[in-house]
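Worksheet: the structure to be examined is printed underneath.
The values are calculated or read from the model by the stated rules, or taken from the named source; none is laboratory data. The structure presented is a predicted model; accordingly, all values stated were derived computationally and were not measured. Neighbour counts run over all protein chains shown; Cβ positions are idealised from the backbone, glycine included. Surface areas here come from the heavy atoms of the whole protein model, side chains and all, with no ligands, DNA or RNA. Shrake-Rupley method; radii C 1.70, N 1.55, O 1.52, S 1.80 Å.
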Amino acid sequence: MSDDGRTETGEQSHTPEQDKLLIEWLEIMQPRLARFEDFLTPREVVTDYTRDSLVSLEQLIIDRWPDRHVFAQEQDTDFTDGATRYIGETYLRIGGGGWFVNHDPSFLYSGRLCILLDVEMPVPISPLNLITTMLSRRTGNVLTRIWDGQTRKIAELRAANPGWEPKREPFPGAIPMSRSSSAFTPSVR
């Protein structure tokens, strides 16, 4: 099995029922993101899918939970779902790629929602794992370190391949974005 959870044949480890659950989760992406931005985060938290928004969200999470154990015990699934979506979508908007879930027990993030960016040798990113990492480390820079590393990778790919842009995998319920830009229009609060 490769690092991104694919078997030797290149297939993700999943069943049709698991595929259906992922599709259903993706179909409600936009309303769930809107709920997270408009109702579950305080007004002072930036939610415009930028590096600064990741700084703001990470600080909110660190201030809200003293550690990952309290976070796990609280089980605020509404906030966790929104934060997972927001973190993943913020990275996907800069790096293309898409969401996946691999249920193979030998996969590091087995059963967790992950993203895989459209870069050379992508590494799976689990937004939920990042939340627990933020709460363990409490440095305030977990999300931005990934942002910085991925934007560097993308800049290098663009420099080496003029005209190349990361491609976003289509998914059900997606709001189409303009062809002229690889960035989404920031949401208005």
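Check whether at least one residue in the range 100-109 is closer than 19 Å to R68 by Cα and open to solvent by 30 Å² or more (accessible area, probe 1.4 Å), and report yes or no. Yes, the range 100-109 has at least one match.
Conditions tested, residue by residue: (1) modelled with pLDDT under 95; (2) among the charged types (D, E, K, R).
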| position | (1), (2) |
| --- | --- |
| P16 | yes, no |
| I28 | no, no |
| L60 | no, no |
| E89 | no, yes |
| G95 | no, no |
| W99 | no, no |
| D104 | yes, yes |
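From the set of residues in the range 80-98 that are in contact (Cβ under 8 Å) with a residue 60 or more places away in the chain and open to solvent by less than 20 Å² (accessible area, probe 1.4 Å), which is nearest to A155 (Cα to Cα)? Applying the filter and picking the extreme gives G95. Mind listing whichever residues of the range 116-136 are of a type outside the set (S, T, N, Q), open to solvent by 30 Å² or more (accessible area, probe 1.4 Å) and either within 20 Å of E24 (Cα to Cα) or part of a helix (DSSP H, G or I) (or both)? Of everything in the range 116-136, just one residue is of a type outside the set (S, T, N, Q), open to solvent by 30 Å² or more (accessible area, probe 1.4 Å) and either within 20 Å of E24 (Cα to Cα) or part of a helix (DSSP H, G or I) (or both), namely L128. For the range 67-109, filtering for residues that are in contact with a strand residue (DSSP E or B) (Cβ under 9 Å, 6 or more places away or on another chain), among the polar types (S, T, N, Q) and over 23 Å from S53 (Cα atoms) leaves 1. When we screen T139, T77 for residues that are open to solvent by 70 Å² or more (accessible area, probe 1.4 Å), under 20 Å from E27 (Cβ atoms) and without any contact (Cβ under 8 Å) to a residue 40 or more places away in the chain, the only hit is T77. Scanning the range 40-54 for residues that are open to solvent by 20 Å² or more (accessible area, probe 1.4 Å) and out of contact with any helix residue (DSSP H, G or I) (no Cβ under 6 Å at 6 or more places or on another chain), we see that the one that is nearest to R93 (Cα to Cα) is T50.
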